[in-house]
Amino acid sequence: MVGLILALDVMDRNRAIWLAREVSEYVDYLKVNYPLVLSAGIEIIRELSEIKPVIADFKIADIPYTSSLIARKAFENSAFAVICHGMAGSDTLKAVLDVSDEFGGEVYVVTELSSESEFLRKFSDEIAMLARDIGCHGIIAPATRAERVAQLRKIVGSMKILSPGVGAQGGSVEETIKAGADYIIVGRSIYTSDEPKAVARDIYERIKGLEV
Ligand code: XMP
């Protein structure tokens, strides 16, 4: 199963809801990040969840206690999954996993960012091993470096790989899926387009064309 995730980094609630409805037949999940939640309030997760399951990309990276509070807030508002920074370490990941288990949710772990990420890149293989060994559900791997997606796939086996960085950041749909990603995450290429639905459909069809 390969698919598309819409990164909804718009600042306006109504625009976010409109976009989500517009592309819903082509996306598997909606991803929200701080720009939208800080603008529209945490309730936006609940509203969007009525359209598609929502991944709360809060890049949680605090001590275990605080991280668990953040994760709980996301899950209490109907998030399907949260994104956590693996660099925070095993105790933080375990604390977030414990909360996700209470809600039947999922935890995806940032290995290295799709941007320069020169510090995380030194440890991303170890972060992926940690995510795998403690039972997280997936990792985030950079579509801007398809060879790293392939390498991380060897480490995480059948765990989910979600890859941001396609389009605006220069990554390729085809190379990322062929390298082993399960989902690509796309934001600006879709939501800044005059025809978001047509762009989402095009990416969806290219992804599905590669499904084995
Ligand atoms: P664009 O507009 O670049 O949006 O298509 C990408 C979305 O994904 C987020 N992002 C990341 N999240 N690890 C993450 O957990 C990453 O390496 C990464 N790179 C981009 C970005 O914040 C936006 O929401």
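The values are calculated or read from the model by the stated rules, or taken from the named source; none is laboratory data. On a predicted model such as this, the values are computed, not experimentally measured, just so you know. Neighbour counts run over all protein chains shown; Cβ positions are idealised from the backbone, glycine included.
Quick one: in region 91-118, which of the residues that are in a loop (DSSP other than H, G, I, E, B) and free of Cβ contacts under 8 Å to residues at least 12 places away in the same chain is farthest from Y183 (Cα to Cα)? Among those residues, the one meeting the criterion is E118. Residue count for region 28-78 satisfying the condition of being over 19 Å from S163 (Cα atoms) and among the basic types (K, R): 3. In region 62-79, is there at least one residue being assigned to a helix (DSSP H, G or I), under 21 Å from D182 (Cα atoms), among the hydroxyl-bearing types (S, T, Y) and within 16 Å of the ligand (Cβ to nearest atom)? No. So, V23, is that one touching a residue at least 40 places away in the same chain (Cβ under 8 Å), in a helix (DSSP H, G or I) and crowded, with 23+ Cβ neighbours inside 10 Å or not? So V23 fits the description; yes. Please tell me if S158 is closer than 18 Å to V2 by Cβ, of a type in the set (S, T, Y), at pLDDT 95 or above and part of a helix (DSSP H, G or I). Judged against the criteria, S158 is not a match.
For every residue, the table says whether it meets (1) at pLDDT 95 or above; (2) of a type in the set (S, T, N, Q); (3) closer than 22 Å to S114 by Cα; (4) touching a Gly at 6+ places or on another chain (Cβ under 8 Å).
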| position | (1), (2), (3), (4) |
| --- | --- |
| D9 | yes, no, yes, yes |
| N14 | yes, yes, no, no |
| Y34 | yes, no, yes, no |
| S49 | yes, yes, no, no |
| I60 | yes, no, yes, no |
| T66 | yes, yes, no, no |
| K73 | yes, no, no, no |
| N77 | yes, yes, no, no |
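Filtering region 145-171 to residues that are surrounded by fewer than 23 Cβ atoms within 10 Å (Cβ to Cβ) and near the ligand (Cβ under 8 Å from one of its atoms) leaves G167, A168, Q169.
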